[in-house]
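Q: Got a structure for you, written out below as structure tokens; questions coming shortly.
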Amino acid sequence: MMKVGFIGVGYMGRHMARNVAKGGHHLTVFDMRKEAAEELLSLGASWADSPQAVAAASEVVFTSLPRPQDVEEVATGEGGILQGAASGTAYFDLSTTDPDTIRRISEAARGKGVTMLDAPVSGGTAGAEKGTLCVMVGGDEPTYQRYKAVLDLIGDKVMYCGDLGAGAVCKIVNNLIGLSVGVVLSEAFTVGVKAGVPPETLFEAVSKSSGNTQAMQGFPAGLFKGNFEPGFQLDLAAKDVGLATEMGRRLRVPMDLSNLVQQRYIDGQNSGWGRMAAGAVARVQEKRAGVEVRT
Ligand code: NAD
């Protein structure tokens, strides 16, 4: 039994934290919205009033927060993790952030004897609930090994990616692919439907062919029904594509298409759909095309 701290129990964090608790570990939680932690508290988790208090009660701390700046604030800010963590504490960030932010936090953590690793996840809320996520870990390998058993409660595809930041890079690359495909799919399906073929026929044909993707397999329950309940919010998708294009700028990698993809997600945000599922980006294209992809 380990004393595990968990900060950020939103769409993803609540499930990951529950699976850690179910694995027999004692959980201390904090979220800026206390109501988000109610279920965990009813299952026996302890509440702490700040990230600092979570860290003081824990030998290993996890965060699952929206944006890189949220992670940095919770880790290094006033009342943050590093103000409460004892020397020897391990800290895994499960959020999708960027390698520069990770390195800055890790540098500050090292000064306090805290080892930080990046450990972003993929597999959505369904994967988080079932404990079938892919967890992409970067950083100190002995620390990774020491806490691998806890990571295995979060995902059944836990992978050591390399040095600090390597997990973040893998995750950014993955999401850029998935989210770009989402935009391509919206163009493909609007033109198919406008050409007179129903969405379900297009879906069946593509499912049996070379264009099949995981992103498209979400269409029957999502786009086809006009169901944009998150899951994974469009605001976070826009953030992730932005992390990829920023990395491209910094490294001087031309990413023409990715920057166009980013504009489409920004369009979705400006349409007021940021809190909807990332798949609502298809609505931007539906509006432009003058056709809806619904069954
Ligand atoms: P979310 O917004 O549902 O959850 C974030 C939680 O953090 C919320 O409960 C919020 O109240 C809390 N929070 C925000 N700022 C805080 C602060 N300063 N202090 C304390 N609590 C704070 O987001 P999510 O969908 O659970 O995603 C979390 C992270 O995981 C993001 O980086 C996201 O990109 C990534 N991710 C999400 C999914 C998904 O399918 N939702 C999948 C993989 C990765």
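Where a number appears in this text, it was derived from the coordinates with a stated rule and is not lab data. Since we're looking at a predicted model, the values are computed, not measured. Here the Cβ positions follow ideal geometry from the backbone for every residue, glycine too, while neighbour counts run over all protein chains shown.
Q: Would it be correct to say that residue 218 is more than 16 Å from residue 185 (Cβ to Cβ) and either surrounded by 18 or more Cβ atoms within 10 Å (Cβ to Cβ) or of a type in the set (A, V, I, L, M) (or both)?
A: When the stated conditions are applied, residue 218 does not pass them.
Q: Right, something else. On the given criteria, is residue 87 in a loop (DSSP other than H, G, I, E, B) and out of contact with any His (no Cβ under 9 Å at 6 or more places or on another chain)?
A: Answer is yes for this residue.
Q: For region 73-104: of the residues being more than 15 Å from the ligand (Cβ to nearest atom) and not charged (D, E, K, R), which is nearest to residue 173 (Cα to Cα)?
A: For region 73-104, the residue satisfying everything is 90.
Q: OK, next. Taking the condition of being of a type in the set (S, T, N, Q) and surrounded by 19 or more Cβ atoms within 10 Å (Cβ to Cβ), how many residues in region 270-295 meet it?
A: Residues that pass the stated criteria total 1.
Q: Keeping to region 90-101, report how many residues are over 15 Å from the mean Cα position of the chain (by Cα), buried (at least 23 other Cβ atoms within 10 Å of the Cβ) and outside any strand (DSSP E or B).
A: Looking only at that region, the number is 0.
Q: Go through region 66-98 and report how many residues are over 22 Å from residue 149 (Cβ atoms) and of a type in the set (Ser, Thr, Tyr).
A: Residues in region 66-98 being over 22 Å from residue 149 (Cβ atoms) and of a type in the set (Ser, Thr, Tyr): 4 in total.
Q: Given the structure, is residue 196 loosely packed, with under 14 Cβ neighbours inside 10 Å and closer than 23 Å to residue 288 by Cα?
A: yes
Q: Within region 125-135, is even one residue assigned to a strand (DSSP E or B), farther than 21 Å from residue 108 by Cβ and in contact with a helix residue (DSSP H, G or I) (Cβ under 6 Å, 6 or more places away or on another chain)?
A: Checked region 125-135: at least one residue is assigned to a strand (DSSP E or B), farther than 21 Å from residue 108 by Cβ and in contact with a helix residue (DSSP H, G or I) (Cβ under 6 Å, 6 or more places away or on another chain).
Q: Can you find even one residue in region 107-117 that is part of a helix (DSSP H, G or I) and touching a strand residue (DSSP E or B) at 6+ places or on another chain (Cβ under 6 Å)?
A: yes
Q: Looking at residue 107 and the list (1) charged (D, E, K, R); (2) away from the ligand (no atom under 13 Å from the Cβ); (3) within 18 Å of the chain's Cα centre (by Cα), which single condition is not satisfied?
A: Unmet for residue 107, out of (1) charged (D, E, K, R); (2) away from the ligand (no atom under 13 Å from the Cβ); (3) within 18 Å of the chain's Cα centre (by Cα): (3).
Q: Test each condition in (1) out of contact with any Pro (no Cβ under 9 Å at 6 or more places or on another chain); (2) in contact (Cβ under 8 Å) with a residue 24 or more places away in the chain; (3) within 8 Å of the ligand (Cβ to nearest atom) for residue 32 and report the one that comes out false.
A: All conditions are met except number (2).
Q: Can you name the condition, by its number, that residue 169 falls short on among (1) part of a helix (DSSP H, G or I); (2) farther than 23 Å from residue 71 by Cα; (3) of a type outside the set (Ser, Thr, Tyr)?
A: Failed condition: (2).
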